[in-house]
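Read-outs throughout are calculated quantities, based only on the coordinates presented, and are distinct from any laboratory measurement. Only a predicted model underlies this, so the values are computations on that prediction, with no experimental measurement involved. A quick note on method: Cβ atoms are made from the backbone with ideal geometry, for glycine too, and the neighbour counts reach across all protein chains shown.
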Amino acid sequence: MKFDPSVTARLQAFVNANEADRDYAAGALLLAKISGNRIEYQNNINNLERKKGHILNRLRKYLDFRLAAMTHEQVAEMTAEADKIVTSIPAKERKYNEGKRTDHDDLPDDIQAAYVETLDILRKQQELHYELKKISIREVTCPDSERYPFAKEIIELDKKRLALWKKYDGYGQ
């Protein structure tokens, strides 16, 4: 069964948010979109204060179901892609001054910031990769839902990192 990953991400964000940060009206709408139950939506909206626990529990069940439905192969593919990304990062990106343009100091601030941000992203990717490996080593039978967020974030950060490098390297050309 294939689920829309953006909906799963929204579910995860809602469930993992702090109580004070949760927008229960938005949660009720998300629940209505997933379940298709307009009557339940109206009941939730009309009694929002009383229905907060109900909304959270229902969304948590949908999230658990979606994460459990992710096949082992999907997570294994994403983990392999994350491994490949982190291990294939060019050496010039691993050191602060490597990969820096000779005219770096003459570039506009936003272009210089792109260079610095790529380094921050690289560090974050390496930290996430370490956590991903720690999960894999610590518990071989670990549920894929624990590995998924790390692999997903590494892949998303890589897209951002590559776009920033393109912006930095391509400036003025």
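Of the listed pairs Lys51/Lys160; Lys33/Lys134; Lys124/Lys166; Lys52/Lys134, which have alpha-carbon separations greater than 27 Å here? Where the Cα-Cα span goes over 27 Å, the pairs concerned are Lys51/Lys160; Lys33/Lys134; Lys52/Lys134. Ordered by the count of other Cβ atoms within 10 Å of each Cβ, fewest first, Arg101, Arg147, Arg22 give Arg101, Arg22, Arg147. Using only Cα atoms and rounding to the nearest 10 degrees, what angle (0 to 90) does helix 72-87 make with the longest principal axis of the chain? On a 0 to 90 degree scale, this one is about 20.
For Gln173 and Ala113, FRET efficiency with R0 = 22 Å and r from the beta-carbon atoms, rounded to 0.05? The value I calculate is 0.75. Quick check on the chain: what does the Kirkwood estimate of hydrodynamic radius come out to from the alpha carbon pairs, in Å? After inverting the mean inverse Cα-Cα distance, the result is 18.9 Å. For Glu117, neighbours were defined as the other residues whose beta-carbon sits under 9 Å from its Cβ, and their charges (Lys and Arg +1, Asp and Glu -1) total +1.
I want the local charge near Asn43. Using Cβ-Cβ distances under 14 Å, sum +1 for each Lys or Arg and -1 for each Asp or Glu among the other residues.
+3
Determine, from the Cβ-Cβ distance of Arg60 and Ser6 and an R0 of 25 Å, the FRET efficiency 1/(1 + (r/R0)^6), rounded to the nearest 0.05. Efficiency at R0 = 25 Å is approximately 0.85. Model label points for Ala20 and Lys100, set 7 angstrom from Cα along the Cα-to-Cβ axis, are 4.0 nm apart.
Only helical runs count toward this figure. For the chain, summing -39,500 (n - 2.57) over DSSP H runs of n ≥ 4 and dividing by all residues gives -25000 deg cm²/dmol at 222 nm.
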